[in-house]
Each structure stands twice: as C-alpha cells, then as structure tokens.
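The block underneath contains the structure these notes are about, expressed in structure tokens.
The values are calculated or read from the model by the stated rules, or taken from the named source; none is laboratory data. What you see is a predicted model, and the numbers here were worked out from it, not measured in a lab. With ideal geometry, Cβ positions are generated from the backbone for all residues, glycine too; neighbour counts draw on all protein chains shown.
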Amino acid sequence: MLYHLYEWTHAAVKPWRAAASMGRLLLNNPANPLSYTYQAKATSAALEVFDGLTRRYAKPSFGITDVATPGGRVAISEEVVLRRPFCQLLHFKRDVSALPERLQNAPRMLVVAPLSGHYATLLRGTVRALLENFDVFITDWADAREVPLVEGGFDLHDYIDYVLDFMRLLGPDLHVMAVCQPGPVVLAATALLAAAEEPHQPATVTIMGSPIDTRRSPTTPNLLAKSRPLSWFEKNVVMTVPFPNAGYLRRVYPGFLQLTGFMTMNLDRHLDAHKNLYQNLVAGDGDSVSAHRKFYDEYLAVLDLSADYYLQTVQKVFQEHQLPDGKLVHRGEKVDLKAIRRTALMTVEGEKDDISGIGQTQAAHDLCSNIPPARRVDYIQPGVGHYGVFNGSRWRAEIAPRIRDFCFSHPKLAPA
C-alpha cells in the first residue's frame, strides 16, 4: 500500500505543481513590475523549492559530447553494444579519426556501475576522466519498475552472468573497474573466468570503495544490514510495482525508499542545502542555484531494484559474507578467489568513507592471495568520503592518474 500511496500522492500534488509553475512564470516575468520586489522574489523562490521537492526526477543523461585526450579533443557519441532486460552495455565511442595513428587504439575499460539506487549517470565525472586515456564502456542499469514481468527475474547470480557476458564480449586484455557495490560481483566473475582458464580474464581489476568484507570497519549501513533478519527487510522494504507502470506486479525495493535512507544519513546537510537554495534564489545568485540544481537533479533521480537481487545482496554480501568466507556458489560452481592469478588488482578507498569503511575493499588483496605482489596496488585517498573516491577534484587530480598508470603498467593478462 505504501507504494500506491506514493503514486497517489504524486498524482494529487500535480495540480499544485502546475499552479506553482504558473505562479513562478507570472512572478518572474520582467513585464510584471512586481517581479522586482522582494516579496515577489521570495514567493517565486518558495514555489521553486516546492517544485523541486515534489516532482519526480527522470533518468539524467550523461551529456558527454567531447573530451580532451593526450592527442587533442575528440568527439564522443553513445552507442548501445548489448541489451539485456535489466541493463544495457553502453559504449562512449570516441571519434579518433583526427588523432595520430599511435593514439587511436586506446585500451578498453569496462566500468561496472553500482546497482544501488542511482542511475549509472552518477558516474558521469568518472567516465569523463577515464575517456582521456581509455575506450570506455559502462553498465547502464534499468529501473526495475519499467521492466515487464514477462522479461523474467533478476537476482545476484543474474548480475554475475551479466558481468561475465560483458567481459567475454569486450576481452581479452580488458580493464575492469567496479565502483562501490559491484566489487564482490566483479571479483566473483573474474574468479569464475580464471578457474575455467578462459582467455577473456581481465588484464586488470580496480575495486573502489566496495563491500568486499563488511566485517572490517563496519559502517552504519553495514550494521543495519546485520541488525535485522532477512525476513524483516522482505516485509518492510519490498513492495509490488503498482499499475500502470510497465513492471506492474514486479517485486522491488522502491527507489523512493532508498532515497529516504540516503537523505536521512545526512539530513541536516540536505535541509541546509535547500535553505541555501531559497536564499540564493531570492538574492539572484545564479551560479549557486545552478550548482544546486545540477547536484540534486542527479541525486534525486533513483530507480527501483529487483527484490530478488536486493534480498540476496543483503543476505550473501552483508549478513553471511559468503564471498570472503569462500562459501559463494554460482550456478553450482564454488567461487574461489584464489583461482585469480594472472589479473592485476588495484583497490581504492576513501579515508572518510562512511558507507564502505577502511579495510573493506582492501580485503580483496587477502582473498586473492595468488596474485603476485608485483601485480597489486592498494591506495587510500586522504580527505575524501565515499563519493569522493570516484567523483570530484581529488578523483580527477589524484585517483584517476593512479588508475591510468596502474592499467598502463599491466596492459595484458599475465602469462599462464
């Protein structure tokens, strides 16, 4: 019923949002002499804040049209390489025709975006920095509420299968980056390829701010996952997609519930941000208003997760720690991280990460114990939290160059 109430509330507030929009047009019209008064500016600002807090945010676009490379600027176009019901493999195709021939063949990088509430566009800054030196592909996850039931289900093992398919399609000598949540999935897929001695094992894997072993430096989300039985999560956060959405009757963990959890972790900061928005609108501070809109247009755009995938992740990753304990079984095959010998491994953590604590990502090195020391790198970025690991000025200036150097130092899979 909560999901239905959410939908009804959105429908009920639409006339009020339309009235607010009309009011803003009137109050902001330069032909209206009242538009220059403080009262009009204050009322218009309040109406914009109301609109921003009550509208539904659509999936953003990546909007990357060109990028600087060592050989000069190149145009970027998006193309879908492979479609699956819950994900499409998106390629940021570089027009390298104007570059010197020696710079035209950049190494391939597969970015496995987190499937944890936000769209893959949250990694826009990540992709832009990588495009300077790599031919970049990304997992562009679908909103489960838009996937019809006829397309079947999606769980943690389907996730692993998707990543395996993408690695096989793009390999060999592929570089793979797992940002946050998909770290365990990428390690599992790499181990399965290694155990089968497949030629499409990635040359390098970079794991960033990821819950490989959440028993190390547990954070608030980690403790919450352990504090309740799985049945509690199924009863309290799993809901059925209401009509008329394409995924009608699919069981999901709704995006609006996830967003509530995200925001309550730093509620004071979000309240201050919207108070500042109101003040900046009244003052006419366009730059600050634009920065606020840019951030929240992305942050407030969320997607529903398949319930099967969500519940299995809670159980197998956060409660039972099946991967680090060597108990994860995929399609009847035990996942053995010691099978990874030829792929180089890099881990990146943020000093102030309050989602994946220090040591959770580093655990990958202990688990992948057969990778030679010369093919390992561990890096902790001072002064950044979770999102600073893959976005922002320190990502661009300090982390991305280290990943580039690591991948360029290990361009191919090590000999058997």
| query | Quick one: is residue 355 without any contact (Cβ under 8 Å) to a residue 40 or more places away in the chain and in a loop (DSSP other than H, G, I, E, B)? | reply | no
In segment 203-239, anything free of Cβ contacts under 8 Å to residues at least 60 places away in the same chain and of a type in the set (D, E, K, R) is listed as 228, 235
Residues of segment 1-42 being over 30 Å from residue 304 (Cα atoms), exposed (fewer than 12 other Cβ atoms within 10 Å of the Cβ) and not aliphatic (A, V, I, L, M), in sequence order, are 30, 33, 36, 38, 39
Flagged pairs (Cβ under 7 angstrom, 6 or more apart or on separate chains; first in segment 182-199, in contact (Cβ under 8 Å) with a residue 12 or more places away in the chain; second small (Gly, Ala, Ser) and surrounded by fewer than 24 Cβ atoms within 10 Å (Cβ to Cβ)) are 191/339; 194/339; 195/339
Notebook entry, point to check: Restricting attention to segment 192-215, does a residue exist that is in a helix (DSSP H, G or I) and within 27 Å of residue 85 (Cβ to Cβ)?
Noted result: yes
Among residues of segment 126-148 being touching a Gly at 6+ places or on another chain (Cβ under 7 Å) and of a type outside the set (Lys, Arg), the residue surrounded by the most Cβ atoms within 10 Å (Cβ to Cβ) is 144
When every residue in segment 65-79 that is surrounded by fewer than 17 Cβ atoms within 10 Å (Cβ to Cβ) and in contact (Cβ under 8 Å) with a residue 24 or more places away in the chain is compared, the one nearest to the chain's Cα centre (by Cα) is 68
Restricted to segment 322-359 and to residues being buried (at least 18 other Cβ atoms within 10 Å of the Cβ), in contact with a Gly (Cβ under 8 Å, 6 or more places away or on another chain) and not β-branched (Val, Ile, Thr), the residue farthest from residue 199 (Cα to Cα) is 353
Query raised in the report: Could we say that residue 378 is part of a helix (DSSP H, G or I), surrounded by fewer than 22 Cβ atoms within 10 Å (Cβ to Cβ) and at pLDDT 95 or above here?
Result: no
Considering segment 381-400, residues that are out of contact with any helix residue (DSSP H, G or I) (no Cβ under 9 Å at 6 or more places or on another chain) and of a type outside the set (S, T, N, Q), and then whichever is surrounded by the fewest Cβ atoms within 10 Å (Cβ to Cβ), we arrive at 397
Taking segment 7-47 and keeping residues touching a residue at least 24 places away in the same chain (Cβ under 8 Å), out of contact with any helix residue (DSSP H, G or I) (no Cβ under 6 Å at 6 or more places or on another chain) and under 18 Å from residue 276 (Cα atoms) leaves 38, 46
